[in-house]
Amino acid sequence: MGTGFSGEVAEYYAKYRRGYPSGLFDALQAEFGWTKDDAVLDLGCGTGQLGVPAAARVGAVIGLDPEPDMLRFAGEAAAAAGAGNTVWVLGSDADLPEIGAQIGTGRLATVLVGQALHWMRHEVLFPRLLPLLRPGGGVAVVAGGAPLWLQDSDWSHALRDCLEAYFGTRPGPTGGGSPHDRARYARALEAAGYRDVGEIALRHTDELTVDQLIGGLFSTFSAESLPPEPQRTELAQRIRWSLPSGKPLIQDVEVTAVLAHAPSGPR
Ligand SMILES: C[S@@+](CC[C@H](N)C(=O)[O-])C[C@H]1O[C@@H](n2cnc3c(N)ncnc32)[C@H](O)[C@@H]1O
């Protein structure tokens, strides 16, 4: 298997991808009534940005991802966090019938999907997840907000221009997190029979170092599109030169989650 998240991309992801704010986990815990008796599935878990913090609030987390390199870093992040109640399983959404049979009916408090649903067939996935959810449980489709090059700030405009000059095309949005995508997912959840479909948004600002900006940018490439050396160092240098000097790199982060409940689970 291979998803474009292998090798150095996985390293950039593990090192530079920002985690989600604790307020997101507070909201998820309240929404789905997480307790230490609960199990959560983190589908497309990557390096564990959702699964590792969630593990502190539930009994067990199963992380599922088709990319072995991402899973390796997820395991390391879990060990560093002392999250011994996690398992990291190689597989994709297509494996859910088999994996679901092992998990059993009505066992999961939540299925988390963070910035990964656009690689899955969500119309097939949502109905498949329903029988796995316990009463009161549900699905959370999480997105991390506008990418680094689509922020409304001088440094982001400079980054965008630099990427356009380098690659010859204007960089667009990343998949799955736009209002249009979120509305599509919400409609598909309702069509699949979920109840109380809604959305939460959490905003905060964050100051980035130049290394975090460049590492975060490289984490968004696929393994195939990540420029090799020495072009990568050249691109990084161009970005450094193009940034407005002496100004802090303040990023506006809006984390959103589309939330939906299993019909059998009145809260
Ligand atoms: C952008 S990363 C997101 C990682 C993490 N969930 C987060 O919120 O930061 C997307 C992940 O989805 C995984 N992925 C891609 N296709 C998938 C599929 N069909 N089923 C499950 N995961 C998939 C990739 O391997 C990658 O680790």
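Taking Ala101, Ala79, Ala192 in turn, the Gaussian network model of the chain (Cα-Cα springs below 10 Å) assigns the largest fluctuation to Ala101. Amide H contacts of Trp88: Gly63, each under 5 Å away and 5 or more positions distant or on a separate chain (H built 1.01 Å from N in the peptide plane; Pro and chain starts excluded). Residues of the range 115-136 with an amide N closer than 19 Å to a point placed 7 Å from the Cα of Ile200 along the Cα-to-Cβ direction: 115-116, 134-136.
Taking the alpha carbon gyration tensor of the chain, multiplying each eigenvalue by 5 and rooting it gives semi-axes of 33, 19, 17 Å, largest first. Against the main long axis of the alpha-carbon atoms of the chain, helix 179-191 sits at an angle near 10°. Placing a pseudo-label 7 Å from each Cα along the Cα-to-Cβ vector at Glu190 and Lys247 gives an inter-label distance of 4.1 nm.
Compute the FRET efficiency between Glu76 and Asp211 as 1/(1 + (r/R0)^6), taking r as their Cβ-Cβ distance and R0 = 22 Å, and round to the nearest 0.05.
In this case the efficiency is close to 0.65.
For the chain, the relative contact order works out to 23 percent when only alpha carbon pairs closer than 8 Å and six or more residues apart are counted.
Here the range 96-138 yields Rg over Rh of 0.96, to two decimals, using C-alpha coordinates and the Kirkwood radius.
Between the helical axis of 231-242 and the longest alpha-carbon principal axis of the chain there is an angle of about 70 degrees. Of the peptides 129-138, 144-153, 238-247, the order by per-residue mean of other Cβ atoms within 10 Å, starting with the highest, comes out as 129-138, 144-153, 238-247. Reducing the range 229-247 and the range 11-27 to their Cα centroids gives an inter-centroid distance of 25 Å.
Relative to the longest principal axis of the Cα atoms of the chain, helix 22-32 runs at roughly 20 degrees. Taking every DSSP beta bridge that has both ends in the chain, the antiparallel portion is near 45%. For the range 198-213, 3J(HN,Hα) computed residue by residue from phi via the Karplus equation (6.51, -1.76, 1.60; θ = phi - 60°) reads x, 9, 10, 9, 10, 10, 7, 10, 9, 9, 9, 7, 4, 4, 5, 4 Hz, glycine and proline entered as x.
Values in this text are rule-based calculations from the coordinates and carry no lab data. Because the structure is a prediction, the values reported are computed rather than measured. Counting neighbours? That spans all protein chains shown, and the Cβs are built from the backbone with ideal geometry, glycine included.
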